[in-house]
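The values are calculated or read from the model by the stated rules, or taken from the named source; none is laboratory data. What you see is a predicted model, and the numbers here were worked out from it, not measured in a lab. Heads up, the Cβs are rebuilt from the backbone with ideal geometry, glycines too, and the neighbour counts pull from every protein chain shown. The area values use the complete protein model at the heavy-atom level, side chains included, leaving out ligands, DNA and RNA. Shrake-Rupley method; radii C 1.70, N 1.55, O 1.52, S 1.80 Å.
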Amino acid sequence: MNPYGQPPGFNPYAAPQAPVMPGGYGATPMSARVEGNAVVVTNGSAFPPVCLKCATTQGLEWRDQRYTYVPPWARLFGALIQVFVMKRSRFQVPVCQPCHRGWKKANLLLWLGIGGGIVLWILAAVGAGVAGDDAGGVIGAIFGVLGFLVFFGGIIAYAIVRRKRAVSAIRIDKQFTWLTGIHANAIQAIVGAGAGYAQAGGYAQAGGYPGGYPQAGGHPGGYPPGGGYPGGGYPTR
């Protein structure tokens, strides 16, 4: 019988072990600041385990999110120039299950709008060819207008819904990404994580402690003198 009430196999003198971090934690140190309504974070950095949309810490999922950004001036030129100057970043974004479902629905709205518009334009072309001159022109015009409304209406609706249900990147450079749509409490957690990293001089290393494991016997600086416990010697039964 264990007189100290610890589970079988428990070693009180073993070095403390680091907790297993969620899959969203990456190797890039967190650095964060707030600029207006955006949070500026280091590209590829690891977010703290808090939902970026509602700030809960329960039922989190880690979304593998890729962002792209094209400078406004490049949009005046062709696709080749845009691809050449495009900036990219990638994060493991923590979101709770309800917020993740809302994010997915926003993306589905975009594809439904684009797909529906294309289908209606195809029907307009087919109808115009099958029905003949006059009737075909009317059918083609009707389906063409409907395709236009569905296509661009879906894009506009997606942009509106995405602001509420997704985390968006409004700017990316070689080092940082500007993210919007993050809950205020989650912003505090992100900025706090970045400040904690800077103060600690880096993330916890081996054993979950900055600078590695504590020293002898698992206690910082080793055991106290005199057998390892104040007063000398280990406790007796």
In nm, to one decimal, how far is the modelled label at ALA74 from the one at ILE142, with both set 7 Å along Cα→Cβ?
4.4
Here the stretch 48-60 yields Karplus 3J(HN,Hα) values (6.51, -1.76, 1.60; θ = phi - 60°; whole Hz; Gly and Pro given as x) of x, x, 8, 4, 6, 9, 10, 6, 6, 10, 9, x, 7
Given H placed 1.01 Å from N in the peptide plane, which residues other than close sequence neighbours of GLY44 have an amide H under 5 Å from its amide H?
ARG90
Most to least accessible of THR177, THR42 (protein chains only, probe 1.4 Å)
THR42, THR177
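Carbon and sulfur atoms: what percent of the 1.4 Å accessible area of the stretch 26-182 do they account for? It would help to have the intermediate numbers written out before the result.
On the way: 5820 of 8880 Å².
Accessible surface attributable to carbon and sulfur in the stretch 26-182 totals 66 percent.
Please work out how much length the chain gains when fully extended from ARG33 to ALA157, using 0.36 nm per residue of separation minus the C-alpha to C-alpha distance, in nm with one decimal.
Full extension from ARG33 to ALA157 adds 41.6 nm.
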Apply the Karplus curve 6.51 cos²θ - 1.76 cosθ + 1.60, θ = phi - 60°, to the phi angles in the stretch 77-90 and return the couplings in whole Hz, x for Gly and Pro.
10, x, 4, 4, 5, 4, 5, 5, 9, 5, 9, 10, 8, 9
Residue-level accessible surface for TYR69, protein heavy atoms, 1.4 Å, Å²
40
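Compute the signed sum of charges (Lys and Arg +1, Asp and Glu -1) over the other residues within less than 10 Å, Cβ to Cβ, of ARG171.
Numbers: positive: LYS87; negative: GLU35, ASP173.
So the surrounding residues net to -1.
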Once you place label points 7 Å from the Cα toward the Cβ at ARG171 and GLN58, how far apart are they in nm?
3.8
Would you kindly derive the ³J(HN,Hα) couplings of the stretch 145-162 from the backbone phi angles with the Karplus curve 6.51 cos²θ - 1.76 cosθ + 1.60 (θ = phi - 60°), listing them in order in whole Hz, with x for Gly and Pro?
5, 4, x, 4, 5, 5, 4, 6, x, x, 5, 5, 4, 4, 4, 6, 5, 4
Mind listing the long-range amide H neighbours of ARG171? Cut-off is under 5 Å, sequence gap 5 or more, other chains count too, H placed in the peptide plane at 1.01 Å from N.
TRP178
